[in-house]
Amino acid sequence: MAAVAAAETVRYNVGGGALGDLSPPWAALPAGALRGTSASRSVPATAVAWTTADPLYASWREATGASASPGGRWGLTLPVPAPGTYTVSLHWAEMGAGGATVAPGRRVFHVAVGADDTPPRVRLWAVDVGYRERAAVVRSVSGVAATRTVTVELVTKTGAPFLSAIHLTRTGGGGGLSTSSPVPQKVTPNPSVSVSWAALPAAPPPARRHENGFVAAGGRLYLIGGRGKRPVNVFDPASRSWSWGVGPPLEMHHLQAVAAPGGSAITIGMAWTGGYPRESAIPNLWTYTTATQKWTKGDAIPSDRARGAGGAVLYKGVYYFVNGNRGGHGAHATTLPWFDSYDPSKPQKLRWSRLPDAPVARDHVHATVVGDELVVVGGRNGGVADFFGATRTEVCVFNFSTRKWRTLRSRLAAGRGGAGVATIADRYVVVTGGEVKNGVVPTTEVLDMRTENWLPPSAVGRSVKARHGTQATTCGRGVYLAAGGGTRGGGQELNSAEVLTLNGMAPGTCA
């Protein structure tokens, strides 16, 4: 059976034979692929959470002999369909075979990845997928440049490392790319465009928060959610003043709030609740009606798709939720490429739809709409031990007309998680602030979606205050920011606010 599928992806069932009845199909491992010592294991096919490919996880390979001792390793070397840059995606599910207890810490291992003649180096540290039995976990390593082969090795720390399946997706041509050497950012000077920042009146001190939403609705800007139970605070751009709303009935954070058509309500979906590092997904949509200041519990989110820390947008009356994370912060969590829609105009049982996965798995990310396209930029891989440093720079674009994804050649110059992302003038994507390994940055980058190039740094400048973990929102001719964290993590919660405008124009107001 051919292993190559659409978009130059090869898929292998590591533990067993070919699975031609699945869509897409999975091939058996090619002869000579295995390295080290390992053995195939299996259980009768059964339901597996967080996937529709249940049979894929009924078999796996795990380390044996010396490979199962601390420091030992086993793995596989696979051919690539063409020279290029690849994302390597690894699949696991702890199936509880032989009565084994499924629990965190039972199996912990590192994942090393190499290509061609380059020795594998550790790219995923302290992977632990034992926090739920019979639940699919997928982790990805991007930017792997290969002309002939990709090698993956599992390095034993505790227990016997195992692997259910693997797929390789070609994301760039010609090879020669890596995460340490991304495609250079394409910068196009535009003398007619300049960006300026201005401070705004701060919200009341009790409004300090981070991992919150901030969204324009009905001409006002709503500061909503955040770690802990937080009030709703409302900014009026016309009077430049703040007022109070009614806080949500539960803690909700790591969200991107979305204004309903006409701005009469604000919808929260795919958010987290609970404390660090094992946050849990809120199981329902929630709506805040701005005129009555009333919260309403909405439809349930499909339990196998609920997550937090992803992007959310509205396009032609339909809500779209992209990327995110199940499990929280660290190697016990799973960063996701998932993409879902919610259409409130349909009968209740038909409102949710699964859409094609985004090309890149990421969390702590927001999305925006430019014309008829969804743009996802920034974020990080929160499902690794060193998540602060696992930032993403790819720009992925979904066209609502063709229903297809593409990844732009030009990336962010500075990857960061928790950045604000918004559209201005229905042309420019603003990416501002964010969290990196060494702290929080005021860095701002502006992408011109007509040219798919970036404005030069000299035309963009920096935000007034370095911040992360808040939402950027567009109102009139301005992109607004408020609250967020001023230091890495949540040590310094902010109540300051500011606005970005183009060419010195006043931000104006919004409907």
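The values are calculated or read from the model by the stated rules, or taken from the named source; none is laboratory data. Model, not experiment: these values are computed from the prediction. Every residue, glycine as well, gets a Cβ built from its backbone with ideal geometry; the counts of neighbours run over all protein chains shown. The protein model used for the area step is the full one, side chains on, heavy atoms only, and it has no ligands, DNA or RNA in it. Shrake-Rupley method; radii C 1.70, N 1.55, O 1.52, S 1.80 Å.
A few remarks follow.
- Residue match in segment 349-357 (condition: closer than 30 Å to Arg106 by Cα and either in a strand (DSSP E or B) or not charged (D, E, K, R) (or both)): no
- Scope segment 62-76; condition part of a strand (DSSP E or B) and open to solvent by less than 40 Å² (accessible area, probe 1.4 Å); matching residues: Glu62, Ala63, Trp74, Gly75, Leu76
- Yes/no for Arg409 being at pLDDT 95 or above and either within 16 Å of the chain's Cα centre (by Cα) or not hydroxyl-bearing (Ser, Thr, Tyr) (or both): no
- In segment 116-134, the qualifying residues are those that are among the hydrophobic types (A, V, I, L, M, F, W, C) and surrounded by fewer than 22 Cβ atoms within 10 Å (Cβ to Cβ), and the one that is farthest from Val10 (Cα to Cα) is Ala126.
- Pairs, first in contact (Cβ under 8 Å) with a residue 24 or more places away in the chain and crowded, with 24+ Cβ neighbours inside 10 Å in segment 325-349, second in a strand (DSSP E or B) and small (Gly, Ala, Ser), C-beta under 6 Å, six or more apart: Ala331/Ala126; Leu336/Gly324
- Scanning segment 180-238 for residues that are at pLDDT 95 or above and of a type in the set (Ser, Thr, Tyr) turns up just one, Tyr222.
- Candidates Pro44, Pro81, Pro55, Pro104: the one that is touching a Gly at 6+ places or on another chain (Cβ under 8 Å) and open to solvent by 30 Å² or more (accessible area, probe 1.4 Å) is Pro104.
- Scanning segment 420-439 for residues that are under 21 Å from Arg477 (Cβ atoms) and open to solvent by less than 30 Å² (accessible area, probe 1.4 Å) gives Gly420, Val421, Ala422, Thr423, Ile424, Tyr428, Val429, Val430, Val431, Thr432, Gly433.
- Flag if Val313 is of a type in the set (A, V, I, L, M), assigned to a strand (DSSP E or B) and surrounded by fewer than 24 Cβ atoms within 10 Å (Cβ to Cβ): yes
- Residue match in segment 365-379 (condition: more than 14 Å from the chain's Cα centre (by Cα) and closer than 20 Å to Lys437 by Cα): no
- The set of residues in segment 354-406 that are of a type in the set (Val, Ile, Thr), open to solvent by 40 Å² or more (accessible area, probe 1.4 Å) and over 21 Å from Gln471 (Cβ atoms) contains only Thr402.
- Applying the criterion of being touching a Phe, Trp or Tyr at 6+ places or on another chain (Cβ under 9 Å) and modelled with pLDDT of 95 or more to the residues of segment 456-474, the residue that is surrounded by the most Cβ atoms within 10 Å (Cβ to Cβ) is Gln471.
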